[in-house]
1. Take the alpha carbon atoms of the stretch 370-424, find their center, do the same for the stretch 164-198, and report the distance between the two centers in whole angstrom.
2. Could you sort 162-168, 267-273 so that the peptide with the highest average Cβ count within 10 Å comes first and the rest follow in order?
3. Give the average over all directions of the projected area of the C-alpha convex hull of the stretch 102-295, one decimal, in nm².
4. Would you report the distance distribution of C-alpha pairs in the stretch 4-87 as whole percents per 5 angstrom bin, up to the bin with the largest distance?
5. Kirkwood hydrodynamic radius of the stretch 232-300 from all distinct Cα pairs, in Å?
6. Find, to one decimal place in angstroms, the Kirkwood hydrodynamic radius of the stretch 102-163, where the mean of 1/r is taken over every pair of different Cα atoms and then inverted.
7. Packing-wise, with mean Cβ within 10 Å as the measure, how do 218-230, 235-247, 134-146 rank, highest first?
8. Please state, as a whole number in µm²/s, the translational diffusion coefficient that the Stokes-Einstein equation yields for the stretch 375-428 at 20 °C and 1.002 mPa s, with Rh defined as the Kirkwood radius across alpha carbon pairs.
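What follows is calculated from the coordinates using simple rules that are stated; it is not laboratory data. A quick note: this is a predicted structure, and the numbers were derived from the prediction, not measured. All Cβ positions, even for glycine, are placed from backbone atoms using ideal geometry, and neighbour counts span all protein chains on display.
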Ligand code: GDP
């Protein structure tokens with residue numbers, strides 16, 4: 001899972017301060033040393049790490065954190081804020097042309113996920129802005145690149161402009177743009193060629209395409225799994241193209257975190273989107289603050305709620321977040337969520353967004369495959385209405401009856417009820433957004 005090692009090490013580093021009424025300078029230094037090592041091990045750029053550690057340490061000292069109440073909570077807060085800053089503070093929206101079409105050019109190494117991202121972005125624009133994008137197949141070198149883009153276009157029902165592989169890419173881009181103007185498409189997304197490494201000829205060609213169509217947005221697609229290399233790649237492309245934003249792909253994989261944490265600081269270019277799966281719907285706006293919480297293992301409740309909102313109606317989502325806050329989330333709501341989640345896609349991704357889930361040892365052995373979900377549902381179906389709404393009534397004889405009714409072993413029923421209780425407590429703590437909630441989670 002993404003950031004797993006980093007999350008664990010950061011949590012361990014800060015856990016040691018917990019319970020100390022007073023934190024000495026030596027304690028702080030030791031913690032900062034561990035944070036530094038955690039970041040370096042996650043393949044974060046050396047300079048970025050140095051700057052980060054320096055700032056956190058200075059702030060901790062400057063704010064007289066060491067003498068204040070709950071020093072460890074305050075340090076967690078500073079680390080969270082500085083991680084956010086390192087990644088860019090706030091989400092940066094797509095550039096928009098004053099007059100249609102807005103021209104978006106995609107660049108990146110082969111295999112980074114460019115073609116996939118072209119499709120994902122088109123679908124996002126279509127769904128969220130009712131946009132009518134045109135995709136331009138401008139990768140004339142990679143075998144089957146055009147067919148791949150056409151398949152993507154068909155999948156999301158968006159037209160693809162192509163002139164085969166024998167026409168100069170600059171010409172293809174220009175003619176595609178003309179067609180978009182004629183047809184009043186509001187966005188043009190150009191899928192360009194990639195190579196395995198940066199090479200001069202390719203860069204020259206990308207530069208020519210840029211000069212010919214003057215894109216409003218040049219998005220560099222970077223594979224998050226490539227760590228430090230991602231940063232070198234970004235610098236190489238940026239030098240020639242002066243990109244306007246970055247899309248970080250494959251954040252659903254087990255990336256260590258280096259790319260996410262270094263790119264903005266090194267290149268000064270904002271990460272605008274993150275790819276979190278192979279499906280067309282798996283593209284999300286990048287929110288530095290939410291990513292920081294996720295890296296710290298504090299979950300990403302907001303993204304989860306947003307994702308839920310997308311999948312079903314807003315009212316239900318609001319009710320859900322209200323219930324979490326009020327601590328009245330019951331088994332009926334859980335059942336509802338299981339249904340929604342099954343529609344949403346890879347469960348481990350979803351679970352990771354729930355605060356405390358990623359690193360809660362009690363939940364490590366939950367194997368979340370679709371069959372397990374069905375078993376969970378069967379257990380809830382075997383509960384009476386009273387048991388669903390008031391889980392506290394669950395005594396041993398009720399549990400045995402539920403096990404018989406659902407055909408699941410009693411141990412599984414017990415485990416599920418226990419985990420439900422833990423999940424509920426954690427969601428409630430975090431939804432209140434108080435530091436003690438965060439602190440408790442850090443200490444799970
Ligand atoms: P291109 O050569 O840059 O155009 O890369 P492609 O779009 O062909 O993608 C290369 C591979 O990465 C494909 O197998 C994609 O399905 C996969 N891919 C792209 N984005 C993501 C992502 O966010 N997550 C995962 N897991 N795979 C991705």
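1. Taking the Cα centre of each part, the stretch 370-424 and the stretch 164-198 sit 56 Å apart.
2. Per-residue mean Cβ counts within 10 Å order the peptides as 267-273, 162-168.
3. Its Cα hull, projected and averaged over all orientations, spans 9.9 nm².
4. In order of increasing distance, the bins hold 3, 16, 29, 28, 15, 7, 2 percent.
5. It works out to 12.8 Å.
6. Radius from the Kirkwood sum: 11.8 Å.
7. 218-230, 134-146, 235-247
8. My calculation gives 193 µm²/s for D.
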